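For reference, the structure discussed in these notes is given below.
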Amino acid sequence: MTTSRLLTLACCLLVAVMSRGAAGATYFVTVAGLGGEPDYEQRFTAAAKDLDKAFRASGASAHVTTLMGKDATRARLTEVLGTVAREAKGDDDFVLVLIGHGTFSGGSGGGEDSGDGYKFNLVGPDVTAAELAGMCDKITSRRQLVVDTTSASGGAVMALRRAGRAVVAATKSGTEKNATVFARYWVEAMQDPAADVDKSDSISAMEAFQYADKKTAAFYESQKRLATEHAVFEDTGRGEPVRTASGNEGNLLSSFTVLRIGASQKATNDPARQQLLLKKEELEQKVDVLKYGKAAMDPDEYKKQLRETLVQLAEVQGELDK
Amino acid sequence: MALALVCGLSGTRGWGATPENCSELRRHGKRVEAQACYEGLVRSTSAAVRAEGYWGIGQFDDANEQFRVALTAPDAGAAVRVRWGMLLHERFNDGDAMGLFKEALERDPKNAQAYLGMARVSAEGFDGKATANALKALSLDPKLYEAHELLAGLALENNDTEYAISETEGALLIAPDAMDAIAVRGAVDLLADRTAEADAWFAKMRAVNAGYGGGYVLVARQLERHYRYEDAMGYYRKAVEAEPKLWAAHSALGIDLMRTGQEEEPRRELELSYTNGYRDAATVNSLRLLDSYKNFVTFKDATTILRMRKEEADLLRPYFDAELHRAIATYQQKYKMTLPVPVQLEVYPDHEDFAVRTMGMPGLGALGVTFGEVVAMDSPSGRKPGEFNWGATLWHEMSHVYILTMTKHRVPRWFTEGLAVHEESVATGRPEWANRLTPDVLAAIRDKKLLPIEKLDKGFVVPEYPAQVIVSYYQAGSICDFIGSKYGEDKLLAMAKAYAEVKTTPEVLQSVLGLSAANFDTAYMDWLGKGAGKTAANFDAWRGRLKGLVEIAKSKDYDAVLKEGEAVRALYPEYVGEANPYEFMAEAWLAKGDKKAAVEALTSYERAGGESPATLKKLAALEEELGNGKAAAATLERILYIYPLRDEELHRRLGALWLAQGNFAGAIRENTAVVAMKPLDKAGAEFSLAQAYYAAGDKAKAEEQVLLALEAAPGFRPAQKLLLQLEKPDKPDAAKSLETKEKR
């Protein structure tokens, strides 16, 4: 890796780190759509309730609305998203999670690009991907995350994608039409500390995606069934949906904190510790730069620098914990 | 004779030579003349004769097509069908071949050749019907010497040497130049280590036709059936030397070479067969298996060669490596011998890959197979959890390695299998891995289907009922249990040594135990009757009451479950399969709030050989809950031998239990397993491993692991504290890490 590339990377990382530190509100809207059968109805509602609980527990800056049962109508969804559009500010984040069944007709009048082909099943009239995109477009926010966990949700990605919005779908296309299990594991990611793989006391959208994706694959493997869903994401606003981070795809998901857990939120809000936090972020950034430059470094030198930086980081964290 | 029939039925010979003439020329080594003869047949006006001609010159597709045409003739009868069937059998299509033989018999129920064809197909498929069909063929045509030849070979496979000899004599009486009979007769002597006599027979064979490789192939197959793979290779080499275009022999040689752990020469031989059109399932699949070896990784040391699939090697290697070395150390001491070369253990996650290793072999293929010092076995990932115990399989196969080496492969099947089953519990010191008394076995004991010891090999090679192979494993194993308990383990070793002197089973029993075979059978059955025999007598009652217990369990009448569960258990304590009383009783005790009693029930299940990972995990959880971490660790340790994959929690839990009990090596092994599973929580796994190393006093490795944990998760507080403890042990924050660790 060249020096200039490293510098660029360092700058990008700095942006990412700084954005992690920002303290806007997060608007969460969760919808458990029409189950059709008691079993699905119960499953979707339970998942929505679990998410509701997890989001509410994440702190005062979380604005949580959950629609389920008879309340999960197109009219109510329009109303709720309209409220968010009125209330949310430019430094806020917005998270929309759709749980339930989706349908897709990729024929005339509704291709994956148009967004008319995908419909999220609600009580009463359904809502298309294009309509959902339109409602979300009206919301002023720093960043948006749309997590569509329904069957055929891959068919909605192209209609939903937009700069500043990360879109996650449970299926790779509109043609994966079987009921999905991805939602179960997305919810679990919000509850299981193991999802916080970088131990940052927060769950990023990428961590949640990877957790749910891996658990979904394990589910099919354990059942000795052929997997009928393959989750994807798109977060550049102009790319094709992908299964793993590559190029610019994945940057927004990685920096998008869905949920804060543990002590990190407290420290973020304490002005007395801002200096230490800045120092900590600086060291974290240094670790990131080292990691990205690892392949080009002498292994012993890399280890030495990594050890020194990590020791300093541990000491700063010790101060923060006091 | 059949060839003449074809021509006779077709009625339009058109040429002087008959297929029979051509065949006789070839049989006597007149290759050029035979070739010209067959080429002549191709110009016949009869499709059936043309088919014989094409077959003779190796144009099998054309021969097939001509038989198809021949069958459209209004007068096409049984003979054409039989000959077409024989062609299909030769060209690896036994299903259609069998269909044609059956069609032939519908038209001509007394067609001896059709029965001979069916016997040949059965002989290769080990379906137990070959002898009956061959005998039927002979009864219809007493001069069908080929049936005698086949019967001789089948008898020799079953170690029925006398019958084998009499059948070769029968064949030679009809046709003094019956080369396959001569070959089998030579094999009889070869198996008895009478090399000079064997060579004399092979000289006779060469006198008839020096270029006949088929006879050597028959000899090699007999050697394979008797585990003498190295010797078999020698005869396959003789076969290709005598008949370089005998592609079947090239393929068999390649497969045998693979069994000795080689790769280059087998590939050459198999590719030679393949490119020359010999593409039977064994050839094709063996080539595929050789191609797949690029996905395997090999670990070597002074005594072992371990080959595993790359993606599971990191996880499984520590377990297999340790168990393999443990088995070697144990058997080396027990059998008082050191293996001359390293043992090669191949572990296949894809059962189909493993199955390639056992193709064309009778009664094999369940879980593992041994070829001299090469062992191939299923990986635990190749089976559903709870379906098999890889540890027991490994010890079983390793017993074969020693016994085959000790006896120079001169051992009957029943003895090596029986001893291997016996050692699964005795050599391992794990009674829960003992010979399994399954319902199939009980039914066989009840129905008096166990075989006399002299005939026991037949139960493995040519089973007469579906469960007979399993029953024979049980019987052979329990015979060794009986000998070991009544006469002492050293007698088993003495028997192995006696077999090495090429003694027969009656001779071995007489010389080692002082018993005739008949008296041995009586003593064994008496012994069995006092144990498994009693359970067998309960079998029908048990079955009825188990059904009742299932119903009671559904009703949740827990007191009744406990009462009836105990009664059902007592009738057949070894039963640990689906709907076993142990689990019902444990469930009932839990419902009644008595965890201790539930643990007792599940411990009994475990001791009886229960191997459901889910049930054992439930037992471990209860043991831990009741404060018995040592028992919990031992229970989880047992699961490792059944299904150590796809269960991070199992390894994580066991690692923590071992760490808490000061078994640092165990904790390191288990946390290494978690890391090898590439968990989502990589940092957590690396940190736990660092803790285990730290506890074991290996600070260098602890630092290495904690840096890996923090590289993945720089803000991981417990790992930060351990790092400070390692780097700055005098700092106050570092001191806290110890407290934290102790509290975890």
### Query
Taking one equal scatterer on every alpha-carbon of region B:535-702, how large is log10 of I(q)/I(0) by Debye at q = 0.16 1/Å?
-0.88
### Task
Calculate the radius of gyration of the Cα atoms of region B:129-241 to one decimal place, then report Dmax, the largest Cα-Cα distance, as a whole number, both in Å.
13.2, 40
#### Entry: Most positive-pole-ward Cα, B:Gln468, B:Phe482, B:Pro349, against dipole of region B:295-532 from beta carbon charges
B:Phe482
### Query
Short version: what are the Cα gyration tensor semi-axes of chain A, square root of 5 times each eigenvalue, largest first, in whole Å?
36, 22, 19
## Note on the structure
Rounded to the nearest 500, the 222 nm mean residue ellipticity computed for chain A from DSSP H runs (n ≥ 4, each -39500 (n - 2.57)) alone is -14500 deg cm²/dmol
### Task
Would you mind giving the average projected area, over all directions, of the Cα convex hull of chain B in nm² with one decimal?
37.6 nm²
### Query
FRET efficiency for A:Ala75 and A:Thr103, Cβ-Cβ distance as r, R0 = 25 Å, nearest 0.05?
0.80
### Query
What size of dipole, in debye to the nearest 20, comes out for the protein assembly as shown about its Cα centre when the only charges are +1 on Lys and Arg C-beta atoms and -1 on Asp and Glu C-beta atoms?
1100 debye
### Query
Around B:Asp490, with a cut-off of 12 angstrom between Cβ atoms, what is the net charge of the other residues, counting Lys and Arg +1 and Asp and Glu -1?
+3
### Query
For region B:313-327 and region A:120-194, what is the separation of their Cα centres, given in Å?
46 Å
### Message
Looking at region B:295-532 only, what percent of DSSP beta bridges run antiparallel? Nearest 5 please.
### Response
45 percent
### Task
Would you mind listing how long region A:136-192 runs along its three principal axes, going by Cα atoms, in whole Å with the largest first?
33, 31, 13
### Query
Rg to Rh for region B:63-221: what is it, with Cα atoms only and Rh by Kirkwood?
1.01
#### Entry: Bridge type composition, the protein assembly as shown - antiparallel percent by DSSP, nearest 5
40 percent
### Query
Do any GluC sites (Glu not before Pro) in region B:389-465 lie in a loop, going by DSSP, with at most 13 other beta-carbon atoms within 10 Å of their beta carbon, and if so which?
B:Glu464
### Query
Can you give the FRET efficiency for B:Asp440 and B:Val297, using 1/(1 + (r/R0)^6), R0 = 51 Å, r = Cβ-Cβ distance, to the nearest 0.05?
0.85
### Query
Once the mean 1/r over all distinct Cα pairs of region B:308-398 is inverted, what Kirkwood radius in angstroms do you read off?
13.7 Å
### Query
Chain pair B, A: how much accessible area is buried, both chains summed, with a 1.4 Å probe, in Å² to 100?
2300 Å²
### Message
Show me the three semi-axes of the equivalent ellipsoid for region A:168-270, from the C-alpha gyration tensor (sqrt of 5 times each eigenvalue), largest first, rounded to whole Å.
### Response
26, 18, 10
#### Entry: 37 °C / 0.692 mPa s Stokes-Einstein diffusion coefficient of region A:68-198, Kirkwood radius on C-alpha pairs, µm²/s
217 µm²/s
### Heavy atoms of A:Glu308: accessible area, 1.4 Å probe, square angstrom to 10
90 Å²
### Message
Restricting the calculation to Cα positions, tell me the Rg (one decimal) and the Dmax (whole number) of region B:43-134 in Å.
### Response
12.9, 41
### Summary
Rh_Kirkwood(region B:295-532) over Cα pairs, Å, one decimal, evaluates to 18.3 Å
### Message
Please report the carbon-and-sulfur percent of the accessible area for the protein assembly as shown; probe 1.4 Å, protein heavy atoms only, DNA, RNA and ligands left out.
### Response
52 percent
### Message
When only alpha-carbon atoms are used, what values of Rg and Dmax, in angstrom, describe region B:535-614?
### Response
11.7, 36
### Query
Across peptide B:676-684, what mean number of C-beta atoms from other chains lies inside 10 Å of a residue's C-beta?
4
#### Entry: Qualifying trypsin sites (Lys or Arg not before Pro) for region B:581-615 [loop in DSSP, other Cβ within 10 Å: at most 16]
B:Lys592
### Message
Just to confirm, what accessible area per residue do you get for region A:24-262 at 1.4 Å probe, in whole Å²?
### Response
39 Å²
#### Entry: 37 °C / 0.692 mPa s Stokes-Einstein diffusion coefficient of the protein assembly as shown, Kirkwood radius on C-alpha pairs, µm²/s
95 µm²/s
### Query
Measuring with a 1.4 Å probe in the full set of protein chains, what accessible area per residue, in whole Å², belongs to region B:295-532?
37 Å²
### Task
Note down the magnitude of the dipole of region B:295-532 about its Cα centre, charges +1 on Lys and Arg C-beta and -1 on Asp and Glu C-beta and zero elsewhere, to the nearest 20 debye.
440 debye
### Task
Find, among the trypsin sites (Lys or Arg not before Pro) in region A:35-141, those assigned to loop by DSSP (not H, G, I, E, B) with at most 13 other beta-carbon atoms within 10 angstrom.
A:Lys89, A:Lys138
#### Entry: Projected area averaged over orientations for region A:213-322, convex hull of C-alpha atoms, nm²
10.8 nm²
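The values are calculated or read from the model by the stated rules, or taken from the named source; none is laboratory data. Given the structure is predicted, the values throughout are model-derived calculations rather than measurements. For neighbour counting, all protein chains shown are included, and Cβ atoms are generated from backbone atoms with ideal geometry for every residue, glycine included. Heads up: the accessible areas ignore ligands, DNA and RNA and are worked out on the full protein's heavy atoms, side chains in. Shrake-Rupley method; radii C 1.70, N 1.55, O 1.52, S 1.80 Å.
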